[in-house]
Ligand SMILES: Cc1cc2nc3c(=O)[nH]c(=O)nc-3n(C[C@H](O)[C@H](O)[C@H](O)COP(=O)(O)O)c2cc1C
């Protein structure tokens, strides 16, 4: 299957299916000499794994990371880092009745149209479980970025009609709240909304946002490899993400130039800063040193337990009721996936851009 790799220098490949024996990630191009152990990766996996029954599937996976290669005596060696997670709580029989039926909102119909054959257990590669492997790469990328003074933090901005109050932002609330919202009041209201959706055998979507701080001006490439274009690809590739915005995003369309332009001001040591950040930290595909702001809209969980009309693989009309174990809302578990894909993309762009100036090369090779 093509399409399982992302990145040009810090290049990640995810592998494995939802109901196979294991899944994992291979990271090629990670610099040598970084202290790395499973304990750097596990907190990221723990944030993604189903925890709170009110907002997540009842599938219980320990999601324990095992580093198989690329680390020696606690440090990265510069060779491919391979990390595996064993699947343990698959319940593959839950999917027996769905073998020949296409679940609305899922990739069953389109995978069959493309390959003529598919692993129907939990959606195989198209399952949200694949994103556990991305989170491994995100943990490693974030660790490298930290050494460069760059932080990547994502949170839930909205669930259904409930919006977080960003003036009450608290990182500890993001990490503690079941919805990954940054304020406790919105968290409580969102939990009520999710419970209501569950009672109605329905699901809901929402919006998540990521803020990347500390990226210097000049990261990103022109034309096809613009930093915003790569971020959009990285984030849109997360299952259930239906729209990606940078900065003001779609609101810019209704703005006017005099408001939307971020006026420059001279800072210390010849640095240039901006009076506002409608652009979301990227101009012409290249970082401008302001915070990079990435937002993603996530659709409602496609698996719902109420009856829906569909078609089977013989082309006959039928009905489907999905019982198995599903997230009533995907957003809280996808927040760390957004964070991970942003970290991978920014690190890859930083590394790729290291050759853009002769002084960088002289700095490396002509000491
Ligand atoms: C972290 C995460 C968890 C997910 N959990 C579920 C789930 O429990 N049930 C479900 O129907 N879809 C879930 N999805 C979404 C489906 O994988 C996705 O909607 C489906 O494969 C169709 O792909 P598309 O929405 O990108 O078109 C999840 C996605 C992510 C990123």
| note | Once residue 2 and residue 255 are pulled to full extension, the length gained, defined as 0.36 nm per residue separation minus their Cα-Cα distance, is 87.1 nm
| field | For the chain, projected area of the alpha-carbon convex hull averaged over all directions, nm² | value | 20.5 nm²
| Relative contact order for the chain, counting Cα pairs under 8 Å that sit 6 or more residues apart, in percent | 21 percent
| task | Considering Cα pairs under 8 angstrom that are at least six residues apart, work out the relative contact order of the range 30-144 and quote it in whole percent. | result | 30 percent
| note | So the FRET efficiency between residue 318 and residue 151, C-beta based with R0 = 51 Å and rounded to 0.05, is 0.55
| field | 10 Å-binned pair-distance histogram of the range 219-263 (Cα, whole percent) | value | 24, 39, 33, 3
| query | Taking the Cβ-Cβ separation of residue 364 and residue 273 as r and a Förster radius of 35 Å, what is the calculated FRET efficiency to the nearest 0.05? | reply | 0.75
| request: Using packing as a proxy for protection, rank 195-206, 305-316, 65-76 so that the peptide with the highest average count of other Cβ atoms within 10 Å comes first. | output: 195-206, 65-76, 305-316
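For the range 1-74, what D do you get in µm² per second when you plug the Kirkwood radius from alpha-carbon pairs into Stokes-Einstein at 25 °C and 0.890 mPa s?
Rounded to a whole number, D works out at 170 µm²/s.
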| query | For the range 164-259, what is the relative contact order in percent, using Cα pairs closer than 8 Å and at least 6 residues apart in sequence? | reply | 12 percent
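Using the 10 angstrom Cβ neighbour count as an exposure proxy, how do 14, 185 rank, fewest first?
Details: 14 20, 185 12.
Least to most surrounded, the residues fall as 185, 14.
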| message | At R0 = 30 Å, how high is the FRET efficiency between residue 201 and residue 46 if r is their beta carbon distance? Nearest 0.05 is fine. | response | 0.55
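Throughout, read-outs are computed from the coordinates displayed, never taken from laboratory work. In this text the structure is predicted, and so the values were computed from the model without any measurement. We place every Cβ from the backbone using ideal geometry, glycine too, and count neighbours over all the protein chains shown.
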